[in-house]
1. For the stretch B:71-85, which residues satisfy the criterion of being in a loop (DSSP other than H, G, I, E, B) and touching a strand residue (DSSP E or B) at 6+ places or on another chain (Cβ under 8 Å)?
2. Tell me the residue from A:96, A:45 that is at the interface with chain B (Cβ under 10 Å from one of its Cβ atoms), within 14 Å of residue B:100 (Cα to Cα) and free of Cβ contacts under 8 Å to residues at least 24 places away in the same chain, please.
3. Which residues, taken from the stretch B:29-46, are within 23 Å of residue B:83 (Cβ to Cβ) and within 10 Å of chain A (Cβ to nearest Cβ)?
4. I need every pair where a residue in the stretch B:1-19 that is more than 12 Å from chain A (Cβ to nearest Cβ) and in a loop (DSSP other than H, G, I, E, B) has its Cβ under 6 Å from the Cβ of a residue that is surrounded by 12 or more Cβ atoms within 10 Å (Cβ to Cβ) and at pLDDT 65 or above, sequence separation at least 6 or different chains.
5. Can you tell me which residue among A:59, A:53, A:89, A:27 is in contact (Cβ under 8 Å) with a residue 40 or more places away in the chain and exposed (fewer than 15 other Cβ atoms within 10 Å of the Cβ)?
6. Looking only at the stretch B:68-83, decide whether some residue is within 14 Å of chain A (Cβ to nearest Cβ) and touching a residue at least 40 places away in the same chain (Cβ under 8 Å).
7. It is to be established whether one or more residues within the stretch A:8-15 are assigned to a loop (DSSP other than H, G, I, E, B), at pLDDT 95 or above, more than 10 Å from every other protein chain (Cβ to nearest Cβ) and more than 13 Å from the chain's Cα centre (by Cα).
8. Yes or no: residue B:66 in a strand (DSSP E or B) and crowded, with 16+ Cβ neighbours inside 10 Å?
């Protein structure tokens, strides 16, 4: 399994500002995923980030609002731009396991509160 | 702090009893299914998986059952313990057909009473 860390673990931000969340994996991985988990809800995929290519965004998510970087095979960032209270969520980074079975492993999440 | 699963359906069981958590999925093309456990303040933790060519798989104290006819997945936890209290999510994907990212179900909160 992959060990995934995220920074920051939590933050409280003012509306209109932006926050960049970092995700570090302890091994080289091709595919990384960013999910959002709104309060009391399940996980929703924001985008898939592959190293060396543009991130692929899911319906309802756009690059201007959630720019993603993937500079190498162990690291990715997600920026939540021009935040509003509706962006208050847990943001989770994830990657595939190496067994070939498509299981995904998750970071601990970044708990964002927008005032 | 804010908890995961505040508005999710809740299953309450006595310690030592068996728990059954159910999940319905919608995509008949899905061929891989996973159960995750999420404790408050943590990311989802892998519990057990099953491929669509199987209808049952057992792990340590857990069993996953898959009924493709009615698109239903269940997680059985034997001898439930207080440490099993968490939110449980099923997830699916069509891994071999190109969609590698998981689609998550709505989740169930399991409360174990001592």
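1. Scanning the stretch B:71-85 gives B:71, B:78, B:80, B:81, B:85.
2. The unique qualifying residue is A:45.
3. B:34, B:36, B:38, B:41, B:42, B:43, B:44, B:45, B:46 - these are the residues of the stretch B:29-46 that are within 23 Å of residue B:83 (Cβ to Cβ) and within 10 Å of chain A (Cβ to nearest Cβ).
4. Close Cβ pairs (under 6 Å, with a partner that is surrounded by 12 or more Cβ atoms within 10 Å (Cβ to Cβ) and at pLDDT 65 or above) amount to B:15/B:112; B:17/B:80; B:18/B:78.
5. Exactly one residue qualifies, and that residue is A:27.
6. No, the stretch B:68-83 contains no residue that is within 14 Å of chain A (Cβ to nearest Cβ) and touching a residue at least 40 places away in the same chain (Cβ under 8 Å).
7. Yes, the conditions are met somewhere in the stretch A:8-15.
8. yes
The values are calculated or read from the model by the stated rules, or taken from the named source; none is laboratory data. The structure presented is a predicted model; accordingly, all values stated were derived computationally and were not measured. Counting neighbours? That spans all protein chains shown, and the Cβs are built from the backbone with ideal geometry, glycine included.
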